[in-house]
Amino acid sequence: MTKKPLTILLASPRGFCAGVDRAIQIVERAIERYGRPVYVRHEIVHNRFVVESLEAKGAIFVDELDQVPDDRPVVFSAHGVPKSVPAEATRRNLLYVDATCPLVSKVHREAERHHQSGRTVVLIGHAGHPEVIGTMGQLPEGSVLLVEDQAQAETLEVSDPLNLAYATQTTLSVDDTIGIVAALKRRFPAIQGPKMEDICYATTNRQAAVKAIAERCDAMVVIGSPNSSNSKRLVEVAANYGCAKARLVPRAGEMDWDWLGDAKRLGVTAGASAPELLVDELIAAARQRYDVTVEEVRTTDENVTFKLPRQLVA
Ligand code: SF4
């Protein structure tokens with residue numbers, strides 16, 4: 001039977017960012033250095049495939065520090081942790097390695113700086129996301145105001161509008177955040193913010209790459225896990241920029257090919273925590289069903305790398 005033609009427009013950059021790459025290397029090096037098992041507090045990055053691969057190498061993922069035995073090392077995830085976590089690890093004399101992405105640590109420091117200068121910090125982000133919990137946990141309880149969307153920015157009440165600053169989660173929608181920041185600035189003209197946006201280069205670049213192909217695609221697949229914030233944002237961006245349908249697919253085996261219908265051009269990208277292998281897997285699965293032509297559309301080159309913590313390279 002002749003296969004129907006399908007053009008895959010492959011967004012680039014896509015997939016792993018420097019922070020995710022570093023976090024995975026940290027767990028692998030910690031296992032090499034300290035032996036098995038190495039405990040990891042929370043999913044090191046939001047991707048099941050990555051988590052299972054690390055489990056196979058000797059990592060044990062736990063929710064909280066009290067599940068870590070006194071004599072084993074523990075790694076903190078790329079999303080960052082509240083200050084209480086390293087404090088508790090130190091109290092228990094645990095050997096810990098912090099895999100917080102340096103771009104998340106930068107937001108932590110900004111929030112601290114504003115707090116020390118007497119400003120109330122408004123954090124733009126999604127309630128319950130580990131990064132938001134970690135950033136809020138840099139300051140004393142109750143001193144960060146969380147704003148999730150523009151409606152909340154419009155109704156936010158603050159006690160001292162002249163002493164206000166904002167910071168953002170690193171993996172937000174660039175477009176939504178512009179609206180939220182504009183609302184805050186209109187309501188509180190003295191509010192201070194970062195010189196450069198807190199939304200990281202990887203989130204920005206992956207969203208821009210999707211915007212560049214969205215209109216040309218009949219459908220878009222974002223390879224990523226349902227709990228990955230930046231992956232979910234890519235689905236929204238595709239829909240907002242003219243792609244008729246877009247969805248998150250964790251792995252090729254979970255792809256509903258009937259959903260494609262008569263699509264002739266399929267956009268494919270991957271969230272910052274999804275390995276390229278999963279993109280290859282999806283393309284291979286598409287080739288079994290269609291006569292596939294792949295066209296990569298690159299909007300920018302990335303060359304960001306982060307150093308590993310000294311304790312793992314010395
Ligand atoms: S998405 Fe951005 S902030 Fe998050 S780990 Fe990657 S580079 Fe760091």
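At a glance:
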item: Residues (within 16 Å of the ligand (Cβ to nearest atom) and either of a type outside the set (S, T, N, Q) or more than 16 Å from Arg22 (Cα to Cα) (or both)) located in segment 57-103; result: Val75, Phe76, Ala78, His79, Gly80, Val81, Val97, Asp98, Ala99, Cys101, Pro102, Leu103
item: Yes/no for Ala314 being open to solvent by 30 Å² or more (accessible area, probe 1.4 Å) and at pLDDT below 95; result: yes
item: Segment 208-239, subset among the polar types (S, T, N, Q) and either surrounded by fewer than 18 Cβ atoms within 10 Å (Cβ to Cβ) or away from the ligand (no atom under 11 Å from the Cβ) (or both), residue modelled with the highest pLDDT; result: Ser225
item: Leu103 aliphatic (A, V, I, L, M), open to solvent by 20 Å² or more (accessible area, probe 1.4 Å) and closer than 30 Å to Asn163 by Cα; result: yes
item: Tabulated pairs, segment 245-260, first in contact (Cβ under 8 Å) with a residue 24 or more places away in the chain, second of a type in the set (Gly, Ala, Ser) and open to solvent by 30 Å² or more (accessible area, probe 1.4 Å), C-beta under 6 angstrom, 6+ apart or interchain; result: Ala246/Ala239
item: So Val50, is it buried (at least 20 other Cβ atoms within 10 Å of the Cβ), within 16 Å of the ligand (Cβ to nearest atom) and farther than 30 Å from Cys217 by Cα; result: no
item: Tally of residues being hydroxyl-bearing (Ser, Thr, Tyr) and either surrounded by fewer than 16 Cβ atoms within 10 Å (Cβ to Cβ) or under 16 Å from Val121 (Cβ atoms) (or both) across segment 160-198; result: 4
item: Scan of segment 253-279 for residues that are assigned to a helix (DSSP H, G or I) and open to solvent by less than 10 Å² (accessible area, probe 1.4 Å), ordered by number; result: Leu260, Leu278, Val279
item: One residue from Gln192, Gln169 being in contact with a strand residue (DSSP E or B) (Cβ under 8 Å, 6 or more places away or on another chain) and within 13 Å of the ligand (Cβ to nearest atom); result: Gln169
item: Failed item, numbered, when Leu282 is tested on (1) more than 16 Å from the ligand (Cβ to nearest atom); (2) assigned to a loop (DSSP other than H, G, I, E, B); (3) open to solvent by less than 30 Å² (accessible area, probe 1.4 Å); result: (2)
item: Wholly enclosed helices (runs of 4 or more DSSP H) of segment 1-119 bearing at least 1 residues over 18 Å from the mean Cα position of the chain (by Cα) and of a type in the set (Ser, Thr, Tyr); result: 18-34, 48-57, 84-91
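The values are calculated or read from the model by the stated rules, or taken from the named source; none is laboratory data. Quantities reported herein were computed from a predicted structural model and do not represent experimental measurements. Cβ coordinates were reconstructed from backbone atoms using ideal geometry, including for glycine residues, and neighbour counts include every protein chain displayed. What goes into the accessible areas is simple: the full protein's heavy atoms, side chains included, and nothing from ligands, DNA or RNA. Shrake-Rupley method; radii C 1.70, N 1.55, O 1.52, S 1.80 Å.
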